[in-house]
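Beneath this line is the structure, given in structure tokens, with notes to follow.
Here, each number is a calculation from the coordinates, and none is a lab measurement. Everything numeric here is computed off the predicted structure, so don't read it as measured data. Cβ: placed from backbone, ideal geometry, glycine included. Neighbour counts: every protein chain shown.
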Amino acid sequence: MTFSTVVIFGADSDTGYHLTKRAIAAGYGVLAVQTGPRELDYLDRTGAESMRCDMTDREAVRHVFAGRDAGSLAVVCILGGTPQMNTEGNINAIDAAVAAGVGRFVLTTSIGCGDSAAVLDPFVKMVAGRALRAKEWAENHLRSTNLDWTIVRAGGTVRARQALSGTALLTDSTVVTGYVSLTDLGELLFRALTSPRTAHRTLAAVDSARAHNVDGTPLVAAEI
């Protein structure tokens, strides 16, 4: 799990912005890949190298890794918004990392995917079902690779660039439901990325003050 630079797909999100700053503060280089429609200079001001990429263009995604030492890279993928980004965008990033020879990959999805589907209210399933299925396809695709992968399923996100709560955690629970701020999610992704104990694990990211296990069991932080 040795790497010196983090490639962040979706660095222009609130979560990606916090992760960018956190990684740089810890001494890592960051390639901040922006997936939105315009360049954002606040990422450049963090000290990160930044570029824009159309995540639906496989060749453009592969080009992100061109000329780079793949052995020194780790990837964090924070994509969403549309079913196309949840599947095609994530899968393009996974395939490009595999082709380049990257070792470490962290994928962000959502509680409600895969074996956590039972926690969702039927109305939420009806509204978000297509997006969750798309993210689940990306999860399964990642598990089929030889990457050193970790999947982080986020709880319902609270959009705010704010101070860390101090109560956010990663858990192995597949019956947890709750919320997490986008800032806290960035911090939890950094912890997942840098811990060798998260390899080949699927974890949920929630704020313990706003989450619970639906079966009534205590919510326990994952040992990472």
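Odds and ends about this structure:
- Ordering 165, 116, 173, 72 from the fewest to the most neighbouring beta carbons within 10 Å gives 72, 165, 116, 173.
- A Cβ-based charge dipole, computed about the Cα centre of the stretch 5-213 with Lys and Arg at +1 and Asp and Glu at -1, lands at about 280 debye.
- This model, with +1 at the C-beta of Lys and Arg and -1 at the C-beta of Asp and Glu, gives the stretch 37-80 a dipole about its Cα centre of some 100 debye.
- Dipole-positive endmost among 73, 177, 101 within the chain (Cβ charges, Cα centre): 177
- Model label sites at residue 130 and residue 215, defined 7 Å from Cα along the beta-carbon direction, differ in position by 3.3 nm.
- Helix-only [θ]222 nm of the chain, DSSP H runs n ≥ 4, -39500 (n - 2.57) each, per residue, nearest 500: -9500 deg cm²/dmol
- Translational diffusion coefficient (Stokes-Einstein; Kirkwood radius from C-alpha pairs) of the stretch 1-149 at 4 °C, 1.567 mPa s, in µm²/s: 83
- Sequence ranges 82-93, 130-141, ranked by mean other-Cβ count within 10 angstrom, highest first: 82-93, 130-141
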